[in-house]
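First comes the structure, then the notes that go with it.
The values are calculated or read from the model by the stated rules, or taken from the named source; none is laboratory data. Quantities reported herein were computed from a predicted structural model and do not represent experimental measurements. Counting neighbours? That spans all protein chains shown, and the Cβs are built from the backbone with ideal geometry, glycine included.
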Amino acid sequence: MKLEEHLVCIGIITAAYIVAMLFVNSVIVPLQNSFVPGITSFAALLFPAHGIRVLSAWLFGWKSIPYLVCATLAADILLTSQFAAANLQLVYTTLLTSSVTWISLQILSLGGIKIEVGEKHVSSSTWRLLLLEGLFHPY
């Protein structure tokens with residue numbers, strides 16, 4: 001891939017991630033607060049950004065890790081007005097959440113559940129396997 005193609009991938013993933021986070025902050029969190037306020041401070045029961053991570057890892061393999069790091073940092077800066085590098089814990093969290101999906105794909109593969117990377121490998125079981133992968137890890 002050329003640099004321009006990587007930048008396009010980063011831009012698409014970042015835009016999708018920011019939209020997903022805006023949806024969580026403006027729709028899911030207020031609804032969740034009205035039903036189960038005690039949980040909202042540490043977890044959103046619906047988190048579409050996780051789907052962005054799963055699809056990114058499936059489409060781009062290991063390259064999804066730097067793509068998601070850029071998306072997560074951009075979302076943090078835009079939505080919370082803080083830069084993750086200013087806080088070492090946020091740096092670790094960003095690296096963990098950006099890499100855990102790809103690592104989960106590798107672990108499933110070692111366990112005999114192979115989810116082919118890339119859109120050219122779509123089959124009738126792909127979406128079920130991606131849902132399984134999404135449930136496989138906590139981030």
Given the condition polar (S, T, N, Q) and part of a helix (DSSP H, G or I), answer yes or no: does some residue in region 13-23 qualify?
yes
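Table: residues versus (1) within 19 Å of LEU95 (Cβ to Cβ); (2) surrounded by fewer than 17 Cβ atoms within 10 Å (Cβ to Cβ); (3) touching an Asp or Glu at 6+ places or on another chain (Cβ under 8 Å).
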site	(1), (2), (3)
HIS6	yes, yes, no
ILE13	yes, no, no
VAL29	no, yes, no
ILE65	yes, no, no
Return the residues of region 31-55 that are without any contact (Cβ under 8 Å) to a residue 24 or more places away in the chain, among the β-branched types (Val, Ile, Thr) and surrounded by 16 or more Cβ atoms within 10 Å (Cβ to Cβ); say none if nothing qualifies.
THR40
Only listed residue being modelled with pLDDT under 85 and not in a helix (DSSP H, G or I), chosen from LEU108, LEU45, LEU90:
LEU45
Test SER26 against the criterion of being assigned to a helix (DSSP H, G or I), farther than 17 Å from ILE103 by Cβ and out of contact with any His (no Cβ under 7 Å at 6 or more places or on another chain), and give yes or no.
yes
